[in-house]
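Working notes, beginning with the structure itself.
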Amino acid sequence: MIRTLLFLSLMISYSSWASSLLNINSDTGDYIGQGKKFQISSTQAEFVYRGNSDGGISLSINNPPRELGLWWNFDIAPPSGETLKVGHYPNATRYPFQESTEAGLSFTGDGRGCNRSTGNFTVTKLSYNFDGSLRELDVDFVQHCEGGTSALRGSLKFAEGQSIVGSTVLGINPISVMCINKTTGQSVRGATDTLSNDCSSLGLDVEKGHIVVIKLVGQAE
């Protein structure tokens, strides 16, 4: 069988701006949420990601409207030696003081925090960029302060605030991909063995309306 090396070039102009969202439902008697229900989106506040020393994820939500609190911090971590992944983490205790066999969880803010806490969280979506920074996170969590029965229930959706540009091409065994932002002149290149490729994860900076050329090199099937 003769295999032919193909150079496929696609020109697209596509982008979608991502957003982040925090939902809180606090029981009466819950110290952290003060028995309130509220929602904060990335149109109201800044969602800032940072990794943590336990292989988990820490996020801060800064400068939301005053009636919803001044700031909030969220931390999760898997048991020691494990990698955080999609799944349910029961029996979580206060981050960063959890035992090595336990997952860590902490939701604090507006000047309030737990001395001791228990709870659980479920990660339903998790992905990272090419440089290791967080790209997407969907997580639901429940936290109890000081051994109490009152709960703070929350969900957090984090999506990196940048355009996502990619391509899918059928009929070849891919070898490499090049993404060129014709508007800015930036280009990135990487090896690939998949038919679906995301230029943003390779480091391409794209804003809405930019023209992008994607060149995929591979062998015909």
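The values are calculated or read from the model by the stated rules, or taken from the named source; none is laboratory data. Computed from a prediction, not measured in an experiment: that's the story for all the values here. Here Cβ is always computed from backbone atoms with ideal geometry, including for glycine, and neighbour counts include all displayed protein chains. Each accessible area value is taken on the protein alone, full model and side chains, heavy atoms only, with ligands, DNA and RNA left out. Shrake-Rupley method; radii C 1.70, N 1.55, O 1.52, S 1.80 Å.
Values as computed for the structure displayed
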{"read-out": "Segment 157-200 - residue that is surrounded by fewer than 18 Cβ atoms within 10 Å (Cβ to Cβ) and within 21 Å of the chain's Cα centre (by Cα) and, of those, modelled with the highest pLDDT", "value": "SER196"}
{"read-out": "Strands (runs of 3 or more DSSP E) (entirely within segment 1-108) containing at least 1 residues that are at pLDDT below 95 and under 19 Å from LEU134 (Cα atoms)", "value": "21-26, 37-41, 46-51, 57-62, 71-77"}
{"read-out": "Residue match in segment 143-156 (condition: open to solvent by less than 40 Å² (accessible area, probe 1.4 Å), assigned to a strand (DSSP E or B) and modelled with pLDDT under 95)", "value": "no"}
{"read-out": "Residues that are aromatic (Phe, Trp, Tyr) and either in contact (Cβ under 8 Å) with a residue 40 or more places away in the chain or open to solvent by less than 40 Å² (accessible area, probe 1.4 Å) (or both), drawn from segment 109-142", "value": "PHE121, PHE130, PHE141"}
{"read-out": "Lone qualifier among GLY87, GLY33 - being at positive phi and open to solvent by less than 90 Å² (accessible area, probe 1.4 Å)", "value": "GLY87"}
